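Engineer: Here's a structure for you.
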Amino acid sequence: MTSHTPDINKAEQVATSPRSAIIGPIAANIAFVMELTLVPLLLPAIQGQFGLSIGELAWVFNSYGIAVAVGVLVGGWCGDVFNTRKVFAYGVAFFAAGSLLVASADSFAMLIAGRALQGLGGGIFSPLVPLLLTRASPLRPGRALIFWGSIAGYVAALAPLFYGSFLVDYGWSNAFVFIAIIASISLVILSGTPGADTSASYFRAKNSYKELLKAHRLWVTFLYVFCTYGCITYYLFRLPVWLSSSDVGAASVGFALSVVWLTFSGLSTLLRNMVDRHHLRTIMAAAPFLIAAGFLLSYFSENLLLVIVSSVLVGSGLACSNAPSTQLILRLAPKGMSAVSTSLDITFARLGGIITVAAVADMNFAYAAPVICVSCFIAAFCAMAAGKGLATST
């Protein structure tokens, strides 16, 4: 919770913000989510066009994640210090430019450069989406955030299915062009939105960062995020490659990935009223076991039915870990450090994906499975440790 008192005139101005103040950030987030869910589907085609090894393909995947991890910290800090809408707009512009650079890449180096610019922009603007939405709808912030989450979940679910069924014959580069167009539309909408935005006005105490470092349960939760998101990211990275090597069509691969996100969206909605002090730790602890079970089942990739079941399990694990861990992080964050804590949440998630993919990408299943299972076990232990005492805390 922050301790600032908003100016009444500014609050009234924001309260009457037009719909474009909500639609603009959501449109940018749609482009961000499309990148997240489409790129795993596009990896086999990118690998084939450039003749990449699995290690080089991992860099195509990880260069974006590394840049996002950096951009999140930059965006979170700049959003508090400078004009939030301008910082957001710069991030969206970088993201759109990077997407176009990837689409036009004719070399591995150009591909990596585009992915890095795309990731930096996505990292800068993504932490500011919920901030802009709550400022645009201060009287009904929950409604705006629920709308944002619902749109993101269904875009994540349907984008790979739609591309795999209808657009795959037009080439992988057109997907990045479409992502750039959506991001550009967001900029156009925001540029036509009246009203000046200001940076956050609360004062951050000098010892806040010391308090952050002393919040041990918060860092245990960050480790939980690192492990769970690392395993999920590796699953999303490796599954299309496994399926393609088994001569599974792009439409089926897209369907398998869509099942992950449909399960995530549906189960997240069902869990919304259950994530309270009594259920939070149980839900978080269940996630690693669901992820591990889904990963082990995905080994039987020649059986599409088992792959779909594995996607359901991993999607369920994502639902049980995503919002609950963020909620716990907000509870454990020191006073005045919520924005920094949520930025670190995203950073640890991305770092988990980067390191796990880099470490396990070249391993066959017999070696990758123990690594993923150990990581899930660590995550389960962290959930129990970080969530201890929630039922009785105030």
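The values are calculated or read from the model by the stated rules, or taken from the named source; none is laboratory data. This one's a predicted model, so the numbers in the text were calculated from it and none came from an experiment. A quick note on method: Cβ atoms are made from the backbone with ideal geometry, for glycine too, and the neighbour counts reach across all protein chains shown.
Engineer: Is at least one residue of the stretch 183-196 within 16 Å of the chain's Cα centre (by Cα), at pLDDT 75 or above and either surrounded by fewer than 21 Cβ atoms within 10 Å (Cβ to Cβ) or closer than 26 Å to Tyr90 by Cα (or both)?
Structural biologist: no
Engineer: Would you call Leu296 at pLDDT 85 or above, in the same structural domain as Ala215 (by TED's automatic domain parsing) and closer than 26 Å to Met363 by Cβ?
Structural biologist: The answer is yes for Leu296.
Engineer: Which residues, taken from the stretch 358-390, are of a type in the set (Gly, Ala, Ser) and not in a helix (DSSP H, G or I)?
Structural biologist: Hits for the stretch 358-390 are Ala361, Gly387, Gly389.
Engineer: Moving on. Just one of (1) at pLDDT 80 or above; (2) hydroxyl-bearing (Ser, Thr, Tyr); (3) surrounded by 23 or more Cβ atoms within 10 Å (Cβ to Cβ) trips up Ser258, so point out which.
Structural biologist: Just one mismatch for Ser258, condition (1).
Engineer: Let me ask something else about it. Residue by residue through the stretch 83-93, note down the ones that are within 26 Å of Gly171 (Cα to Cα) and surrounded by fewer than 23 Cβ atoms within 10 Å (Cβ to Cβ).
Structural biologist: Ala93
Engineer: Quick one: how many residues across the stretch 49-66 are crowded, with 19+ Cβ neighbours inside 10 Å and farther than 16 Å from Gly230 by Cα?
Structural biologist: So the count comes out to 2.
Yes or no, residue by residue, for (1) free of Cβ contacts under 8 Å to residues at least 24 places away in the same chain; (2) under 30 Å from Tyr170 (Cα atoms):
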position	(1), (2)
Ile54	no, yes
Gly65	no, yes
Val68	no, yes
Cys78	no, no
Ala113	yes, yes
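Engineer: Identify all residues within the stretch 335-377 that are surrounded by 15 or more Cβ atoms within 10 Å (Cβ to Cβ), modelled with pLDDT of 90 or more and more than 30 Å from Ile124 (Cβ to Cβ); write none if there are none.
Structural biologist: Val371, Ile372, Cys373, Cys376
Engineer: Quick check on Val81: is it out of contact with any strand residue (DSSP E or B) (no Cβ under 9 Å at 6 or more places or on another chain), at pLDDT below 80 and not assigned by TED's automatic domain parsing to the domain that holds Tyr154?
Structural biologist: So Val81 does not fit the description; no.
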